[in-house]
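Undergrad: Sharing a structure with you now.
Just so you know, all these numbers are worked out from the coordinates, no wet-lab data involved. Note that the coordinates shown come from a computational prediction; the quantities given were computed from them, not determined experimentally. Because the Cβ atoms are built from the backbone with ideal geometry, glycine has one as well, and the counts that use them run over all protein chains shown.
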Protein chains: 2
Amino acid sequence: MLSPENLPMTRFSFKVHATDGRARTGAITMKRGTIRTPAFMPVGTAGTVKAIKVEDVAATGADIILGNTYHLMLRPGAERMARLGGLHNFMRWDKPILTDSGGYQVMSLSDLRKITEEGVTFASHIDGSRHNLTPERSMEIQRLLGSDIVMAFDECPKIDQPRDVIARSMEMSMRWAKRSRDGFDAGGQHAEDAALFGIQQGGLDEALRGESAGKLRDIGFDGYAIGGLAVGEGQEAMFATLDFAPGQLPENAPRYLMGVGKPDDLVGAVERGVDMFDCVLPTRSGRNGQGFTWDGPVNLRNARHAEDMGPLDAECTCPTCAKYSRAYLHHLHKAGEMLGAMLLTEHNLAFYQQLMAAMRAAIAEGRFAAFAAGFRARYLAKR
Amino acid sequence: MLSPENLPMTRFSFKVHATDGRARTGAITMKRGTIRTPAFMPVGTAGTVKAIKVEDVAATGADIILGNTYHLMLRPGAERMARLGGLHNFMRWDKPILTDSGGYQVMSLSDLRKITEEGVTFASHIDGSRHNLTPERSMEIQRLLGSDIVMAFDECPKIDQPRDVIARSMEMSMRWAKRSRDGFDAGGQHAEDAALFGIQQGGLDEALRGESAGKLRDIGFDGYAIGGLAVGEGQEAMFATLDFAPGQLPENAPRYLMGVGKPDDLVGAVERGVDMFDCVLPTRSGRNGQGFTWDGPVNLRNARHAEDMGPLDAECTCPTCAKYSRAYLHHLHKAGEMLGAMLLTEHNLAFYQQLMAAMRAAIAEGRFAAFAAGFRARYLAKR
């Protein structure tokens, strides 16, 4: 079994520095840098975190970003990316990159999907061209991209299906996890440099989640993701699942909740033992005029901001809040100006990083419960 | 008569440091900063230079930007802008701003225009609301915006009309120029801080242009714009007009060619004695995938760039060329990513400023003719 303890420090190590209840703070160390946990990973779908320069992403405090295998395999293409020196060189981000396996986007974005034990065939949403994705090909693509944290290829089933459908899907994903492990390990130098995470499935069912966790432990991964959540089940059901799912996964490896979420989702998930997150919400909201503040989300398009000379969030340390008024952000979003998306994206990503930093500090200082209660009292007050 | 020499240095002064043929280089000094001439002014239509942060505009070397009265009077509105502390405070640009008079955009963008001796009534292209614009109201709006260089309100007639239509339009614009002067001078403190430019009209006709110039001289302005060009007449006709128009305007004041233009337009106009320019071309082209280089414009969407690891322009000193490949810019523009517009806008604005700086240096060193010939041989070679 391959566990983090057996690997050289430089490739991948995870240390928990402090715990507080089930919440924990620590650091992942990799060749390209250190990732402070709990960590939020901005999403760089198609070789760019949308509407922000990569140096400004770094300045928000992000230690790692996420790239999407599905988008990048279609454009510019994995082999082309390898010829161009890999994703880091292409987009000029020199810190770690986690790539997803492509499975989730194949299900949600592509046309004419066909899923078999072998893998998935689908038609590109860009030009209709036919593609295959298998555990082996997903590992190869992520290697060609130059990913630092590779995700196992899995199926993410719709959450509202019968238990036996969820169970059969989970079992296939676990067979795919083993094929992913083997495919990754055959990757030569890349397997020496990068890490591989397995993905727990099993819907909202504790027994299925436990079975999935056991199979992943047997295979052995550097980190473990909780997959199949944030797909419409609602925060209550997600938290109910997170009451048991993280505890089923190895304690000495990072736990990554995929595709989550709203600020109050992050606080509740950290409270339940999650170490890593990714979500398009801060960037997508930034393009749509929604800004996050400690007093909840704010719709900058609302006319009440038209003459508000104050900053979006008086406590925020980001360049947008230091320099611009709500009135200006309102104007830019009403006028459809790109700068509105740019400034609000930068703020939202900075706000998310400030929230993660506040959680890390609260855990380290043993006051996470009070922090979480105070956060919710204020953030959710206007709801 | 109000001439630059009679005014305090701090409000507005123009000094020519060197001439070379009809080309000249110098500087305008105003309270908010110095404008090196020949100058190119990036266009900040609606309170933002599109797709670029204001500090990055400054970093390209721009000494002044342009704001559009028509857009800003409709949104956020002139009185609201005044309550928000003026355009500089709103958009956080502390160097000079030139505002146009609104006349040109009323003609080109609004609906249901009606032009009388009094002024123009029109319907907003945003919401259909009715508005008036007169010389007096244009001066008031530009004062409320906090403009540093105010443009007289004029009519910009279609270039292909009969001579008598062009003549009558020019004569009305000259009466509007006097009303603009009076309106500006009644502006209290703003008239002590800001400058007013008149606008020469008269189409492609030397006699009409001369008549217009004489009327403007009689009124007296801080600077003189050449209006009514770059409206479809073509470069040859424009240059033919510029062979006489700048010489009809006062030598001791800056000459501003409105809405121009392509890099080769700028070189030909500087050669003919023009000191200032504005144009949306570098920013609009940046959003559309066209990048300017010393070897001519490049369409980054073209497939030939897909694996080109070289910079857009190897001689360019901008952050985009220092950091990114043509392959990456190609990918971003093909994928419709905002970062593509952002990086190419920054490059194009930097390229324009590098071109202006090269022209200023060539004039100062008495080698402008050689510079212009060398520029054209290379820039136009692929045409």
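Undergrad: Using the Kirkwood radius built from alpha carbon pairs, what does the Stokes-Einstein equation give as D for segment A:48-160 at 25 °C and 0.890 mPa s, in µm² per second?
TA: Estimated via Stokes-Einstein, D reaches 167 µm²/s.
Undergrad: While we're looking at this one, here's another question. Hey, with R₀ at 60 Å, roughly what FRET efficiency would A:ALA358 and B:ALA361 work out to, going by the Cβ-Cβ distance, to 0.05? Present the calculation step by step, with values, prior to reporting the outcome.
TA: On the way: r = 52 Å, r/R0 = 0.86.
For A:ALA358 and B:ALA361, the calculated efficiency is 0.70.
Undergrad: A follow-up question, please. Sort B:367-380, A:249-262, A:10-23 by packing, meaning the average of other beta carbons within 10 Å per residue, with the highest value first.
TA: Numbers: B:367-380: 15.3, A:249-262: 22.1, A:10-23: 16.9.
So the peptides B:367-380, A:249-262, A:10-23, ranked by packing, come out A:249-262, A:10-23, B:367-380.
Undergrad: When only C-alpha pairs under 8 Å and at least 6 residues apart count, what is the relative contact order of segment A:192-317, in percent?
TA: Relative contact order for segment A:192-317 comes out at 18 percent.
Undergrad: While we're here: In a Debye calculation with equal point scatterers on the alpha-carbon sites of the protein assembly as shown and no solvent, what is log10 I(q)/I(0) at q = 0.05, 0.08 Å⁻¹?
TA: Each listed q maps to, in turn, -0.32, -0.74.
Undergrad: For segment A:144-297, place one equal point scatterer on every Cα, skip the solvent, and apply the Debye formula. What is log10 of I(q)/I(0) at q = 0.13, 0.20 Å⁻¹?
TA: -0.62, -1.24
Undergrad: If you build a Gaussian network model of chain B, linking Cα atoms that sit under 10 Å apart, which residue out of B:LYS215, B:LYS323, B:LYS31 swings the most?
TA: So, out of B:LYS215, B:LYS323, B:LYS31, the one fluctuating most is B:LYS323.
Undergrad: Here is the link list: B:LYS95/B:LYS158; A:LYS95/A:LYS334; A:LYS53/B:LYS50; B:LYS158/B:LYS382; B:LYS15/B:LYS53; B:LYS15/B:LYS95. Which ones come out longer than 25 Å on Cα distance? All intermediate terms of the calculation are to be shown ahead of the outcome.
TA: Working: B:LYS95/B:LYS158 33 Å; A:LYS95/A:LYS334 35 Å; A:LYS53/B:LYS50 15 Å; B:LYS158/B:LYS382 32 Å; B:LYS15/B:LYS53 31 Å; B:LYS15/B:LYS95 19 Å.
Result: B:LYS95/B:LYS158; A:LYS95/A:LYS334; B:LYS158/B:LYS382; B:LYS15/B:LYS53 exceed 25 Å.
Undergrad: Quickly work out the B:ASP185-to-A:ALA381 label distance, labels modelled 7 Å from Cα along the C-beta direction, and quote it in nm with one decimal.
TA: Each label point lies 7 Å from its Cα, and together they span 5.7 nm.
Undergrad: Relative contact order of segment B:286-372, please, whole-number percent, based on alpha carbon pairs below 8 angstrom and at least 6 residues apart.
TA: Working: 112 pairs, mean separation 27.4, N = 87.
Once normalised by length, the contact order is 31 percent.
Undergrad: Springs between alpha-carbon pairs under 10 angstrom, Gaussian network model over chain B: which of B:LEU196, B:LEU339, B:LEU208 fluctuates most?
TA: Among B:LEU196, B:LEU339, B:LEU208, the largest GNM mean-square fluctuation belongs to B:LEU339.
Undergrad: Also, quick follow-up: Tell me the distances, shortest first, between B:GLU236 and the same position across the other copies, using label points 7 Å along Cα→Cβ, in nm to one decimal.
TA: Ordered by distance, the counterparts are at 7.7 nm.
Undergrad: Among all the aspartates and glutamates, which ones have a C-alpha under 17 Å from B:LYS31's C-alpha, if same-chain residues fewer than 8 places away are not counted?
TA: Excluding near neighbours in sequence, the set is B:GLU5, B:ASP63, B:ASP94, B:ASP148, B:GLU192, B:ASP193, B:ASP222.
Undergrad: Would you look at the GNM of chain A, springs on alpha carbons closer than 10 Å, and say which of A:ASP164, A:ASP275, A:ASP193 moves the most?
TA: Comparing A:ASP164, A:ASP275, A:ASP193 in the GNM, the peak value goes to A:ASP164.
Undergrad: If I model a spin label at B:ALA237 and A:GLU117 as a point 7 Å from the Cα along the Cα→Cβ vector, what separation in nanometres do I get?
TA: Once both label points are built, they end up 7.5 nm from each other.
Undergrad: Right, next: For a quick size check, give me the Cα extents of segment B:336-378 along its three principal axes, largest first, whole Å.
TA: Principal extents (Cα only, largest first): 43, 20, 5 Å.
Undergrad: Over every pair of different alpha-carbon atoms in chain A, take the mean of 1/r and invert it; report that Kirkwood radius in Å.
TA: By the Kirkwood definition, the hydrodynamic radius is 21.2 Å.
Undergrad: Which Cys residues of chain B have no other Cys beta carbon under 4.7 Å away?
TA: B:CYS156, B:CYS279, B:CYS318
Undergrad: Which whole-Hz ³J(HN,Hα) couplings does segment B:368-374 yield from phi under the Karplus relation 6.51 cos²θ - 1.76 cosθ + 1.60, θ = phi - 60°, glycine and proline marked x?
TA: With the stated coefficients, segment B:368-374 comes to 5, 4, 5, 4, 5, 5, x Hz.
Undergrad: Same structure again: Using only Cα atoms, tell me the angle between helix A:135-145 and the longest principal axis of chain A; keep it within 0 to 90° and round to the nearest 10.
TA: Value to nearest ten degrees: 50.
Undergrad: Let me ask another. How large is the convex hull of the Cα atoms of segment A:261-383 per residue, expressed in Å³ as a whole number? Intermediate results must be reported in sequence, preceding the final value.
TA: Working: hull volume 11.6 nm³, N = 123.
Convex hull volume per residue, Cα atoms: 94 Å³.
Undergrad: What FRET efficiency comes out for the pair A:ALA373/A:THR10, r = Cβ-Cβ distance, R0 = 56 Å, nearest 0.05? Write out the running numbers ahead of the final one.
TA: Numbers: r = 40 Å, r/R0 = 0.71.
Once the sixth-power term is evaluated, E becomes 0.90.
Undergrad: Still on this structure: Peptides A:106-115, B:63-72: what's the order by average Cβ count within 10 Å, highest mean first? Present the calculation step by step, with values, prior to reporting the outcome.
TA: On the way: A:106-115: 15.2, B:63-72: 24.6.
Per-residue Cβ counts within 10 Å, averaged per peptide and sorted highest first, yield B:63-72, A:106-115.
Undergrad: Follow-up question, since we're still on this one. A:ALA306 to A:GLU251: extension gain in nm, 0.36 nm per residue of separation minus the Cα-Cα distance? Numbers along the way, then the final one.
TA: Working: separation 55, 0.36 × 55 = 19.80 nm, distance 4.96 nm.
Gain on extension, A:ALA306 to A:GLU251, equals 14.8 nm.
Undergrad: For peptide A:302-314, how many partner chain Cβ atoms fall within 10 Å of a residue's Cβ, on average? Spell out each step's value before the answer.
TA: Values: counts 0, 0, 0, 0, 5, 4, 1, 5, 0, 0, 0, 0, 0.
The shielding value for this peptide is 1.
Undergrad: What is the average number of partner chain Cβ atoms found within 10 Å of a Cβ in B:335-342? Can you show the working numbers first?
TA: Numbers: counts 9, 1, 7, 9, 12, 1, 2, 7.
That average works out to 6.
Undergrad: Using Cα pairs under 8 angstrom and six or more residues apart, how large is the relative contact order of chain B, in percent? Intermediate results must be reported in sequence, preceding the final value.
TA: Numbers: 768 pairs, mean separation 66.9, N = 383.
After rounding, I find 17 percent.
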